[in-house]
Amino acid sequence: MPATLSASEAATAIRAGRLTSVDLVQQCIDRIVKLEDKVRAWSFFDPAYALEQARDADRRRDAKAPLGALHGIPVGIKDIFDTRDMPTENGTVLHAGRRPTEDATAVALLRAAGAVIMGKTVTTELAVYSPGKTRNPHDPDHTPGGSSSGSAAAVAGEMVPLAIGSQTNGSIIRPAAYCGVFGYKPTRGLISLYGALAQSAPLDSIGMFARTIEDLALIADQLTVFDGRDPNQLPYARAALSDILVQKPPTPPRIAFVKTPVWPKAAAETQEAFSQFTQTLGSHVTEVALPDSFDKAIDCHSVIMLSDLAKSFAREYERGRDQLSPTLRNMIEDGQKRLAVDYNLALEQARRFYQSLQQIFADYDAILTPATTGTAPRGLEATGSPIFCTLWTLTGVPAISLPLLKGASGLPLGVQLVGARGDDARLLRTARWLAGYRVAE
């Protein structure tokens, strides 16, 4: 069935003429129609327009025009990325009916790679904590996580093979873990944020969801293009993730198991699962403790995020505070009280945290840690705790969630791997090795 193919498999089949984009997109449409009442992953979906894009992709292939790496592949777009041909409402009634005239850079790059923009996926309110309508595809009584709720659920439900999202705390890694898919948050600054909803420049990152690690690398390679319109993007050469990913590691990877100061917050079954998991890895993994100073990381992140939310959403607060959720309104009001000196001290502390992490990355290929406190919580009033993602977002390092474990309920339990800044290719290669190691075991 085309809808169950990975993006890499489908792209190869389309280029070879064994599959049409129309057939692939139609099967994804059928899957959406079948599951949407249960999963509710989409905020905007126009099947006729998706098929129009697919027909155009097939015409270009038949005309032997140059084809991009994602030619004819449907991709879900979190509804915080501007799209010139679809509404972008950012999960809030305050932006209802908003119609941008220009694509976000990430969307434009996906189009240039030949992707079919399938529609807009549900985000939490202004990509913070208040949930949208999306439910977990594994059990609709459980949260899919947030804020990239719809993107993770759409990929997990085989509605699309790929989707993009964003992370300011745990908004890629957490929903990927809860929904049982691969989620990748690159090094901060690797992908342009131009045209995406801004929360916090020191924290915001764009990421992606897929059902294979190879697909994560495939879509990331199309997005890691320098864009001078994002002042925070890093102007350095990008490694070809897909090429390095498939290479055999020169030596067996060495992995540091880091519980972090929030380990007591992990559910008992999470702690037990990781104990067994690390035992399985044997000599490949070593437990490494962080210095006591890392106890302050959560508060440090909070100071930065709340201060920036107050700044970024000042207009929404001034014009429509009564239409904001109590949770977001309280966060903005908390941020309004923060002092500039505390904000700058928090930024400096974040730099020191990363300096300490560099000592670990000098000896290990990656850090292993839980992606979440446990499996997706029951209930739809909240999106679960991001606390196992906070430190890595604060320090701007790349992270990936791998769906390698399950809880007693049968729901997915994510494994998180973290790498050094700018060393995304090695992180993905190590993740591929780890996933293969588990399969072999």
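Residues in region 227-241 that are more than 23 Å from Trp392 (Cα to Cα) and surrounded by 15 or more Cβ atoms within 10 Å (Cβ to Cβ): Asp227 alone.
How many residues are within 27 Å of Ile14 (Cα to Cα) and part of a loop (DSSP other than H, G, I, E, B) if we restrict to region 91-107? So that I can check it myself, show each step before the final result.
The first filter runs over region 91-107 and keeps only residues within 27 Å of Ile14 (Cα to Cα), leaving 103-107.
Cutting the leftovers down to part of a loop (DSSP other than H, G, I, E, B) gives us 103-104.
Result for region 91-107: 2.
Filtering region 71-108 to residues that are touching a residue at least 24 places away in the same chain (Cβ under 8 Å), surrounded by fewer than 20 Cβ atoms within 10 Å (Cβ to Cβ), aliphatic (A, V, I, L, M) and in contact with an Asp or Glu (Cβ under 8 Å, 6 or more places away or on another chain) leaves only Leu94.
For region 301-310, the criterion of being under 17 Å from Phe388 (Cα atoms), surrounded by fewer than 17 Cβ atoms within 10 Å (Cβ to Cβ) and either aliphatic (A, V, I, L, M) or touching a Phe, Trp or Tyr at 6+ places or on another chain (Cβ under 6 Å) (or both) is met by no residue.
If I filter region 10-41 down to residues being small (Gly, Ala, Ser) and assigned to a loop (DSSP other than H, G, I, E, B), which single residue comes out as surrounded by the most Cβ atoms within 10 Å (Cβ to Cβ)? I'd like the intermediate steps shown before the answer.
So the first thing to find is which residues in region 10-41 are small (Gly, Ala, Ser), and the list is 10-11, 13, 16-17, 21, 41.
Applying the additional criterion that residues be assigned to a loop (DSSP other than H, G, I, E, B) yields 17, 41.
On the way: Gly17: 10, Ala41: 32.
Among those residues, the one meeting the criterion is Ala41.
Could you check how many residues of region 248-295 are over 18 Å from Pro386 (Cα atoms) and either part of a loop (DSSP other than H, G, I, E, B) or in contact with a Leu (Cβ under 6 Å, 6 or more places away or on another chain) (or both)? Adding up the residues that qualify gives 14.
Answer yes or no: is there a residue in region 354-363 that is in contact with a strand residue (DSSP E or B) (Cβ under 9 Å, 6 or more places away or on another chain), closer than 19 Å to Arg421 by Cα, of a type in the set (D, E, K, R) and buried (at least 21 other Cβ atoms within 10 Å of the Cβ). Write out each step before concluding.
First, the residues of region 354-363 that are in contact with a strand residue (DSSP E or B) (Cβ under 9 Å, 6 or more places away or on another chain): 357, 360-361, 363.
Right, trim to closer than 19 Å to Arg421 by Cα and you get 357, 360-361, 363.
Okay, now just the ones that are also of a type in the set (D, E, K, R), so 363.
Filter once more, so that each one left must be buried (at least 21 other Cβ atoms within 10 Å of the Cβ): none.
Taking every residue of region 354-363 in turn, none turns out to be in contact with a strand residue (DSSP E or B) (Cβ under 9 Å, 6 or more places away or on another chain), closer than 19 Å to Arg421 by Cα, of a type in the set (D, E, K, R) and buried (at least 21 other Cβ atoms within 10 Å of the Cβ).
For Arg84, are the conditions met, namely being closer than 25 Å to Leu70 by Cα and not small (Gly, Ala, Ser)? Spell out how you get there, then give the answer.
Values: closer than 25 Å to Leu70 by Cα: yes; not small (Gly, Ala, Ser): yes.
Taking the combined requirement at face value, the residue satisfies it.
When region 401-423 is limited to residues that are touching a Gly at 6+ places or on another chain (Cβ under 7 Å) and of a type in the set (A, V, I, L, M), the one that is farthest from Tyr364 (Cα to Cα) turns out to be Leu413.
The residues of region 61-70 that are within 23 Å of the chain's Cα centre (by Cα) and either surrounded by fewer than 24 Cβ atoms within 10 Å (Cβ to Cβ) or not in a loop (DSSP other than H, G, I, E, B) (or both), listed by number, are Gly68, Ala69. Reported count of residues in region 398-411, each being part of a strand (DSSP E or B) and within 16 Å of the chain's Cα centre (by Cα), is 5.
For region 417-433, the count of residues that are in contact (Cβ under 8 Å) with a residue 24 or more places away in the chain, part of a loop (DSSP other than H, G, I, E, B), closer than 19 Å to Gly170 by Cβ and touching a His at 6+ places or on another chain (Cβ under 8 Å) is zero.
Per-residue answers, yes or no, for (1) farther than 23 Å from Thr373 by Cα; (2) basic (Lys, Arg); (3) crowded, with 23+ Cβ neighbours inside 10 Å:
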{"residue": "Leu110", "(1), (2), (3)": "yes, no, yes"}
{"residue": "Val116", "(1), (2), (3)": "yes, no, yes"}
{"residue": "Thr121", "(1), (2), (3)": "yes, no, yes"}
{"residue": "Asn136", "(1), (2), (3)": "no, no, yes"}
{"residue": "Asp141", "(1), (2), (3)": "no, no, no"}
{"residue": "Pro161", "(1), (2), (3)": "yes, no, yes"}
{"residue": "Gly165", "(1), (2), (3)": "no, no, yes"}
{"residue": "Ser171", "(1), (2), (3)": "no, no, yes"}
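Counting only helices (runs of 4 or more DSSP H) wholly contained in region 315-394, the ones carrying 3 or more residues that are closer than 21 Å to Met305 by Cβ and more than 26 Å from the chain's Cα centre (by Cα) occupy 326-336, 340-361.
Here is a yes/no grid of residues against (1) out of contact with any helix residue (DSSP H, G or I) (no Cβ under 6 Å at 6 or more places or on another chain); (2) under 18 Å from Ser385 (Cα atoms); (3) among the acidic types (Asp, Glu):
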position	(1), (2), (3)
Thr123	yes, yes, no
Ser147	no, yes, no
Met159	no, no, no
Ala163	no, no, no
Ala177	yes, yes, no
Gly189	yes, no, no
Ser192	no, no, no
Met208	no, no, no
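Residues that are closer than 20 Å to Ala220 by Cα, at pLDDT 95 or above and in a helix (DSSP H, G or I) do not occur anywhere in region 71-90.
The values are calculated or read from the model by the stated rules, or taken from the named source; none is laboratory data. This is a predicted model, so every value here is computed, not measured. Please note: Cβ atoms are built from the backbone with ideal geometry, for glycine as well, and neighbour counts cover all protein chains shown.
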